[in-house]
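Contents: one structure, followed by commentary.
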Amino acid sequence: MKLYPEMFLSPWHLIVLLMVLIAFIGLIMGGYDKKTVLRSTGLSALIFYFMLTIPIGLITQESLYKEETMIQSLDQRYEDKQANGQLHGTQDYVIAYVGAYKNEDDADIVVYAGNYHATQTFSGHIRVYLYDSEDEEVFIKTYEGVTLKPGEKKKLDSTFTSHPMATYRFHYEAQPEV
């Protein structure tokens, strides 16, 4: 498990402050002495923090891991195209990548795209073809009105499929608007 800073301090952690404030006010209204109020408030802050951080960490870790691996895969595909001399037109600098993350009974399908051109913005549509290990079509989807600034990488889609996706292949086409 990789640790990300977002797991330990997020907007959701404001709930901890609210709960600590409620505990603090409750202890004062209960007439406890100053030492008990401070000790109990500090202890409740730690307990609330860990109770909230554990589920946030589990949820955040998975989504950040997917994002990180997708961007690394985009970068690798661009480097491969560059090494093979396949960069001719503006649309060649637009790279798409489809990742399949297996769950128990299904797979999360995530589609990312990036514009690796140094100066030109891409505006157009990207069509993605996804096939399973037996070359059966899982889906064909067109993302219209995609705008990617130079150097921008972003998530286009996230969906689920019940197809077995242990191995898969995909193809994409980027067409600029005319």
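Values for this structure:
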| item | result |
| --- | --- |
| Where 29, 51 fall by accessible area, highest first, once all protein chains stay in place (1.4 Å) | 29, 51 |
| Cα-based Lys proximity count in segment 1-116, under 29 Å, for pairs eight or more positions apart or on separate chains | 5 |
| Prolate/oblate/rounded call for segment 86-178, Cα gyration tensor, a/c under 1.5 rounded | prolate |
| Share of carbon and sulfur in the accessible heavy-atom surface of segment 31-70 [1.4 Å probe, %] | 71 percent |
| Coordinate range along principal axes, alpha carbons of segment 14-106, Å, largest first | 76, 33, 17 |
| Dipole of segment 61-171, positive end: most advanced residue of 162, 96, 118 [Cβ charges, Cα centre] | 118 |
| Listed peptides 106-113, 169-176, 5-12 by packing density, highest first (mean Cβ within 10 Å) | 106-113, 169-176, 5-12 |
| Using alpha-carbon coordinates, inclination of helix 34-83 to the longest axis of the chain, degrees | 10 degrees |
| Listed peptides 63-71, 129-137 by packing density, highest first (mean Cβ within 10 Å) | 63-71, 129-137 |
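The values are calculated or read from the model by the stated rules, or taken from the named source; none is laboratory data. Remember, predicted model here, so these are calculated numbers, not experimental data. Reconstructed Cβ throughout: ideal geometry from the backbone, glycine too, with neighbour counts over all protein chains shown. The accessibility values were calculated without ligands, DNA or RNA, using every heavy atom of the protein model including side chains. Shrake-Rupley method; radii C 1.70, N 1.55, O 1.52, S 1.80 Å.
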